[in-house]
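Structure record follows, encoded as structure tokens.
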Amino acid sequence: MSTLLMTEPTDAKGIVQYLADDQSNLPSGVVQAVLMHALQLRQSHRDVFLLCDLQGHSVSEAAAILGIGRSVASRRLRFARQRMKEVVERICGQAQGTA
């Protein structure tokens, strides 16, 4: 089994650049809005969210990288995804109201 290393940036500026490079099919305003809200998550939740949903690691891989149990990583990811879902729904609702 290979050692997993987190090579992508974890600071706000680096994450925005990472997404801009990797997710070029998304409007930059949407990416920035989601990232700004993701960065407001508690660090423990944010770390799992970034590893799994933005960098493509499995929950097991994220748990190994962070040195936590898989069930803990899974709970944190569920929490982060729920918060991000609420943000996206709020952003989409505002966008529909202005159309």
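Coordinate-derived values only; no laboratory data. Quantities reported herein were computed from a predicted structural model and do not represent experimental measurements. Positions of Cβ are generated from backbone atoms using ideal geometry, with glycine treated the same way; all protein chains shown enter the neighbour counts.
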Contour minus Cα-Cα distance for Ala33 and Glu86 (0.36 nm per residue):
17.8 nm
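Would you mind counting up the charge near Ala33? Only other residues with Cβ under 14 Å from its Cβ, with Lys and Arg at +1 and Asp and Glu at -1.
Net charge around Ala33: +1.
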